[in-house]
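Encoded as structure tokens, the structure appears first; notes follow it.
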Amino acid sequence: MIIEILNLIFIFFTSVITIYLIRHYVFTLTVLKQSKTNKASNTNPSLRYEPTVSILIPAHNEENVIGKLLDKMTQLSYPKNKLEVIMVDDASSDNTGKIAEEYTKLYKFIKVLHRGSRIGGKGKASALNAGFKHSTGEIVLCFDADYLPHSDIVKKLVEKFADPNVGAVQGRPVVLNEPHNMVTRLIALERIGGYRVDQEARDILGLIPQFGGTVGGFRRSILESLGGFDESMLTEDTDLTFQVYLAGYKIRYVGDAECYEEAVDTWKAYWRQRHRWARGHMQVCFKHAFNVLRSKKMKLKEKIDGLLLLHIYFMPILTLLSFFTGSLLILNGSSIAGALWFTVPVSFYSFVGNYAPFFEVGVGAYLDGRRRIQWLTPLLIFAFLYNMLICTKAFFDVLAGKLVGSTKSDWEKTEHSGNGNRYI
Amino acid sequence: MKTLNRIVSLSFLEAIILCLIASFRLINLQSTVTLLIFNILFVSLIFQLNGSVLKKIFMLTAGNIVGLFLNLIFYYFSLAGYDYFGVVFNAFYTLIYPILNLMWIVPFWSLSLGFLPKEQEAIRQAKD
């Protein structure tokens, strides 16, 4: 009886894994088909849509990188009379605020909002809300302090809002410090799989491209109607993604709106960052899964993709459980488990945040014109095994948070050194 | 030149079919299915990328030969294991079999991509 139940559980687990693998196979085929049209850009240079734009930069102790980002802001090609940059100095104890003040003296469109430790320091969502209150632009873009955008990024991102159904846009982050070490190389590979294939395919197929909280933006009216960012969420970006779709709008991905980012460069920092992402994503899943199912404004394909996206950080846990269940069944001589077992190891060669399997990552790297980075694809297995632990801990933390009723939010900041660049 | 290319391509295709038959006759159905999965992934994805068909068929053939050779080793490993440890080893082998196969499929897949001309190079070649 127990073996039969375990067999059913294992069949369920492997079915879910197979659904995800098929989904990403379809994504890969979609992007390959699209690339054959040789469409170099998905932006429209002839379109002249120039609304007022506010750029929010939440920063907490970012003295190593903030100057470089503000330099890039001064080089933006977007008309300066329609642009404002608001740097939120959120309870920084270093020179972040002072550096930003120097720029405000030289450039009128750059403003600094200082938040002391009494009202500030409550996390990125809180800092963004504070900046949002002071902003005036019709479109609000967000950049993290370690990002370095191209000069034409605002135009590329903003032109998608010419369509009134678009509620938010997302550009493409590219890892700047890729050659630094193995961690940064693997993150670069992950970004390629996630953005060059995953986000692009979701945009082409009319599914749910995800707003990543940086290198992207949203329509002011939508965030106002939603009452700002939810400060109890660790990943306010994923939360906003679903809020936008539940409100009946869509998100567009702009692949050629590239922006360079500094990836974490130690396994410890990787753990901290991914743990936050996993916890936040799970919080959003608990908050929105039923709303997505019940929504009358979302199409069926958006609901299906939305639910798969919401559960993506549960996949490493499910794979771990499948591994143990399958092993137990095979040792007991189950032929069903033996036949379905191959799906479990395939998952080991996937990236967690987007569940991009090895073939998706490889094709993404190729389409990006990369020749050697895909040779690291076999190493995905170590990143996945590491993420199994991260996501399992995150799951128990979310459960504990739910039991205790904790909604405390704080800056869970990634340290940025401002070193290393591959492109600039 | 075209005729020569076709003849070489056909020889490679023949080699792939022979590998599949050999895997079924010399090893077992599992190894044939593994090679088929590798072929499906390779044909449906890598064949859509830039580069000559001949080069891709060559890489596919090389993959099949490598796969057949490794599966033969795995098979004899399983027979030896069964001899020493009995039925328990069969269960253990079922568990590690797909992992062992992915250990050649994923690197072979990644290496193959590196041998194709870059996306930008292919566009430039097409323009020329």
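The values are calculated or read from the model by the stated rules, or taken from the named source; none is laboratory data. Quantities reported herein were computed from a predicted structural model and do not represent experimental measurements. Quick reminder, even Gly has a Cβ in these numbers, built from the backbone with ideal geometry, and neighbours come from all protein chains shown. Side chains included, ligands, DNA and RNA excluded: accessible areas come from the protein's heavy atoms. Shrake-Rupley method; radii C 1.70, N 1.55, O 1.52, S 1.80 Å.
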| Restricted to the range A:78-102, and to residues that are of a type in the set (D, E) and without any contact (Cβ under 8 Å) to a residue 24 or more places away in the chain, which residue is nearest to A:F132 (Cα to Cα)? | A:E101
| said: Looking at the range A:148-196 only, could you name the residues that are among the aromatic types (F, W, Y) and open to solvent by less than 10 Å² (accessible area, probe 1.4 Å)? | reply: A:F161
| query | Could you give every pair whose Cβ atoms fall below 9 Å, whose first residue belongs to the range B:91-107 and is more than 14 Å from B:V33 (Cα to Cα) and within 8 Å of chain A (Cβ to nearest Cβ), and whose second residue is open to solvent by 20 Å² or more (accessible area, probe 1.4 Å) and not in a helix (DSSP H, G or I), counting only separations of at least 6 or pairs across chains? | reply | B:A91/A:N332; B:A91/A:G333
| message | Pull out all pairs, ordered by first then second residue, where Cβ-Cβ is under 6 Å, the residues are six or more apart or on different chains, the first lies in the range B:41-52 and is at the interface with another protein chain (Cβ under 7 Å from one of its Cβ atoms), and the second is in a loop (DSSP other than H, G, I, E, B). | response | B:L49/B:L116
| task | Within the range A:35-45, identify whether any single residue is under 23 Å from A:G137 (Cα atoms), modelled with pLDDT under 90 and over 23 Å from the mean Cα position of the chain (by Cα), and answer yes or no. | result | yes
| field | Index of the failed condition, B:L116 passing every other in (1) away from chain A (no Cβ under 11 Å); (2) in contact with a Gly (Cβ under 6 Å, 6 or more places away or on another chain) | value | (1)
| request: Scan the range A:236-263 for residues that are open to solvent by 10 Å² or more (accessible area, probe 1.4 Å) and of a type in the set (S, T, Y) and report the count. | output: 2
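Take the residues in the range B:60-69 that are in contact with a Phe, Trp or Tyr (Cβ under 9 Å, 6 or more places away or on another chain) and surrounded by fewer than 18 Cβ atoms within 10 Å (Cβ to Cβ), then tell me which one is nearest to the other protein chains (Cβ to nearest Cβ).
B:V66
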| more than 30 Å from A:R370 (Cα to Cα) and either away from every other protein chain (no Cβ under 14 Å) or in contact with a strand residue (DSSP E or B) (Cβ under 7 Å, 6 or more places away or on another chain) (or both): does that describe B:Y84? | yes
| request: Go through B:I57, B:I65 for me and flag whichever is closer than 27 Å to B:T94 by Cβ and of a type in the set (V, I, T). | output: B:I65
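Report yes if A:A91 is open to solvent by less than 10 Å² (accessible area, probe 1.4 Å), farther than 28 Å from A:I251 by Cα and over 24 Å from the mean Cα position of the chain (by Cα), otherwise no.
no
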| Residue count, the range A:304-348 (criterion: open to solvent by 50 Å² or more (accessible area, probe 1.4 Å), aliphatic (A, V, I, L, M) and either in contact (Cβ under 8 Å) with a residue 24 or more places away in the chain or within 14 Å of another protein chain (Cβ to nearest Cβ) (or both)) | 6
| Single residue of the range B:29-46 satisfying the filter (among the β-branched types (V, I, T) and closer than 22 Å to A:Y366 by Cβ) that is most open to solvent (accessible area, probe 1.4 Å) | B:I40
| field | Considering residues of the range A:103-133 that are of a type in the set (S, T, Y) and in contact (Cβ under 8 Å) with a residue 24 or more places away in the chain only, the residue farthest from A:I86 (Cα to Cα) | value | A:S117
| task | Evaluate the following for A:V53: is it crowded, with 21+ Cβ neighbours inside 10 Å and free of Cβ contacts under 8 Å to residues at least 40 places away in the same chain? | result | no
| Which residues, counting only those in the range A:362-372, are at the interface with chain B (Cβ under 9 Å from one of its Cβ atoms), in a helix (DSSP H, G or I) and of a type outside the set (F, W, Y)? | A:G362, A:V363, A:A365, A:L367
| query | Given the structure, is A:F359 free of Cβ contacts under 8 Å to residues at least 24 places away in the same chain, within 11 Å of chain B (Cβ to nearest Cβ) and within 15 Å of A:T18 (Cβ to Cβ)? | reply | no
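Let's see how each residue does on (1) over 21 Å from A:L340 (Cα atoms); (2) under 12 Å from the mean Cα position of the chain (by Cα); (3) not in a helix (DSSP H, G or I):
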position	(1), (2), (3)
B:C19	yes, yes, no
B:L35	no, yes, no
B:F38	no, yes, no
B:I99	no, no, no
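Conditions (1) over 23 Å from A:G362 (Cβ atoms); (2) of a type in the set (G, A, S); (3) open to solvent by less than 40 Å² (accessible area, probe 1.4 Å); (4) at pLDDT below 90, marked per residue:
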position: B:L18; (1), (2), (3), (4): yes, no, no, no
position: B:I27; (1), (2), (3), (4): yes, no, yes, no
position: B:F58; (1), (2), (3), (4): no, no, no, no
position: B:Y84; (1), (2), (3), (4): yes, no, no, no
position: B:N90; (1), (2), (3), (4): yes, no, no, yes
